1. Normalised by the residues of the chain, what does the relative contact order come to in percent, with Cα pairs under 8 Å and at least six apart?
2. Using Cα pairs under 8 angstrom and six or more residues apart, how large is the relative contact order of the range 1-115, in percent?
3. Along the range 82-97, what does the Karplus equation 6.51 cos²θ - 1.76 cosθ + 1.60 (θ = phi - 60°) give for ³J(HN,Hα), rounded to whole Hz, x for Gly and Pro?
4. Would you mind ranking Thr106, Thr2, Thr11 so that the residue whose beta carbon has the fewest other beta carbons within 10 Å leads the list?
5. When Arg165, Arg89, Arg114 are ordered from fewest to most other Cβ atoms inside 10 Å of their Cβ, what list results?
6. Going by Cα centres, the range 30-81 and the range 162-194 are how many Å apart?
7. Could you tell me which residue out of Leu81, Ala51, Gly159 lies farthest along the dipole of the chain toward its positive end? Charges go on the beta carbon: Lys and Arg +1, Asp and Glu -1, centred on the Cα centre.
8. What ³J(HN,Hα) values, in whole Hz, does the Karplus curve 6.51 cos²θ - 1.76 cosθ + 1.60 give for the range 62-75 when θ = phi - 60°, with x put for Gly and Pro?
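Quick note: the coordinates plus some simple rules give every number you see, no bench work behind them. Quick caveat, the model's predicted, so the values are computed rather than measured. Methodologically, a virtual Cβ is constructed for each residue, glycine included, from the backbone with ideal geometry; neighbour enumeration extends over all protein chains shown.
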Amino acid sequence: MTLPTLVLGSTSRYRAELLRRLYPSFEQRSPGTDESHLPDETPRDRALRLAVAKARAAAEGLDDALVIGSDQVAELEGLVLDKPGTVERARAQLAASSGREVHFHTALCLHDTRSGQDRVHVDHTRVRFRSLDADEIARYVERERPLDCAGSFKCEGLGISLFERIDNEDPSALIGLPLIALARLLREAGITLP
């Protein structure tokens, strides 16, 4: 029996690095998914909708593949913190998060093109930020340039120094791909791990 092709429906280098921990050989495809907000959509629901949409979009044209889609939405008291894109927005996000708790909803979808089945999971992580002054924020943003990261930090790097506490079930979820849940979903789909 041949195994299906494993595909990561993301161009994120962070997610690819994480996936290599579980499975060294996979393809990456850009899902090209519209990530616009929908009215009255909760951050958790948005993350799940986009993870499923990314997996299905990246699966187009494949008939023997397991396709991974993932999305993360950062939430500060109901406000979504998107990828900042600019130094100014990164600084503003970190200033707003200073001394407060930010919730990260990291959704995962494993789409099986053979059956059309979607296996899904959503991880919830709570991050308590230290009280940060403007100089700390400026130095951090200059050093790590977290402009492509929801919440404006990289917890796998210097961003960890911004926190008082992280509460979650899967430390890899905060980086963008919950590996504990992914390993379970892959096993359910017939992939032997380890």
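1. On the way: 400 pairs, mean separation 42.3, N = 194.
This gives 22 percent for the chain.
2. Values: 195 pairs, mean separation 34.8, N = 115.
Reported relative contact order: 30 percent.
3. 6, 4, x, x, 10, 4, 4, 5, 4, 4, 5, 4, 5, 5, 5, 7
4. Values: Thr106 29, Thr2 5, Thr11 12.
Lowest count first: Thr2, Thr11, Thr106.
5. On the way: Arg165 10, Arg89 16, Arg114 13.
Ascending number of Cβ neighbours within 10 Å: Arg165, Arg114, Arg89.
6. 17 Å
7. Result: Gly159.
8. Per-residue couplings from phi come out as 9, 10, 9, 8, 10, 10, 9, x, 8, 8, 10, 10, 9, 9 Hz.
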